[in-house]
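Structure, as structure tokens:
The values are calculated or read from the model by the stated rules, or taken from the named source; none is laboratory data. Keep in mind the model is a prediction, meaning the values are calculated, not measured. So basically every Cβ, Gly included, is an ideal-geometry build from the backbone, and we count neighbours across all protein chains shown. SASA here: full protein model, heavy atoms, side chains in, ligands and nucleic acids out. Shrake-Rupley method; radii C 1.70, N 1.55, O 1.52, S 1.80 Å.
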Amino acid sequence: MTSERDADTAATGGTPQRPQRASLTDPKTRKRFLDLIRKGHSISDAATAMGIPRPTVYDLRKRDPEFAATLKATADEAKEARKVVREAKRSAERASSPMWNYKRIAEETGLSVDTLRFYNSVSNMPSPDEASGSSPLWLPETITNWMANRPGKGFRSDLKDHDAG
């Protein structure tokens with residue numbers, strides 16, 4: 001029974017051959033490499049998947065300005081695509097979740113998350129409608145009512161009403 005190595009050795013006249021390494025100078029290999037980058041793989045992961053040493057990619061990027069520009073454009077395109085997908089997921093989560101957390105309230109009201117946490121700790125916010133673990137959650141109506149009726153900026157709740165006097 002002959003092994004693959006023995007068959008390779010016999011086919012090359014007795015000299016063992018190293019497997020052919022993929023090369024980024026080959027247009028097909030370069031296209032496959034860039035497709036992996038476009039799909040969101042890092043340079044390191046794409047190089048590993050292609051059987052190309054990572055330093056080879058970086059050396060080629062330094063030597064070949066056209067490859068460098070193409071690689072950058074492809075990576076930027078992939079980054080933008082991931083950003084669009086991430087925003088779509090966030091929008092879907094917002095639409096499916098009727099409850100608002102601090103972050104969502106901050107986005108809707110323009111107040112900072114730290115301010116909202118402080119307000120909640122000193123009872124200047126309505127009581128949470130629910131909790132997810134230790135995170136308080138509010139219905140949107142609760143927050144919109146609170147925002148419509150809360151005192152404005154600079155209101156001093158510690159002073160007595162001057163109109164009564």
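The set of residues in the range 33-53 being among the polar types (S, T, N, Q) and not in a loop (DSSP other than H, G, I, E, B) consists of 44, 48.
The set of residues in the range 19-67 that are among the acidic types (Asp, Glu) and open to solvent by 80 Å² or more (accessible area, probe 1.4 Å) comprises 45, 66.
Here is a yes/no grid of residues against (1) modelled with pLDDT of 90 or more; (2) of a type in the set (Lys, Arg); (3) within 15 Å of residue 146 (Cα to Cα):
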| position | (1), (2), (3) |
| --- | --- |
| 83 | yes, yes, no |
| 106 | yes, no, yes |
| 114 | yes, no, no |
| 121 | yes, no, no |
| 127 | yes, no, yes |
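Return a yes/no flag: does the range 70-83 have any residue that is free of Cβ contacts under 8 Å to residues at least 40 places away in the same chain, open to solvent by less than 50 Å² (accessible area, probe 1.4 Å) and either over 30 Å from residue 142 (Cβ atoms) or part of a helix (DSSP H, G or I) (or both).
Applying the first criterion (free of Cβ contacts under 8 Å to residues at least 40 places away in the same chain) to the range 70-83 yields 70-73, 75-77, 79-80, 83.
Keeping just the survivors that are open to solvent by less than 50 Å² (accessible area, probe 1.4 Å) gives 71, 75.
Those still in the list that are either over 30 Å from residue 142 (Cβ atoms) or part of a helix (DSSP H, G or I) (or both) too: 71, 75.
Yes, the range 70-83 contains a residue that is free of Cβ contacts under 8 Å to residues at least 40 places away in the same chain, open to solvent by less than 50 Å² (accessible area, probe 1.4 Å) and either over 30 Å from residue 142 (Cβ atoms) or part of a helix (DSSP H, G or I) (or both).
Apart from one condition, residue 150 fits all of (1) more than 28 Å from the chain's Cα centre (by Cα); (2) modelled with pLDDT of 90 or more; the exception is (2).
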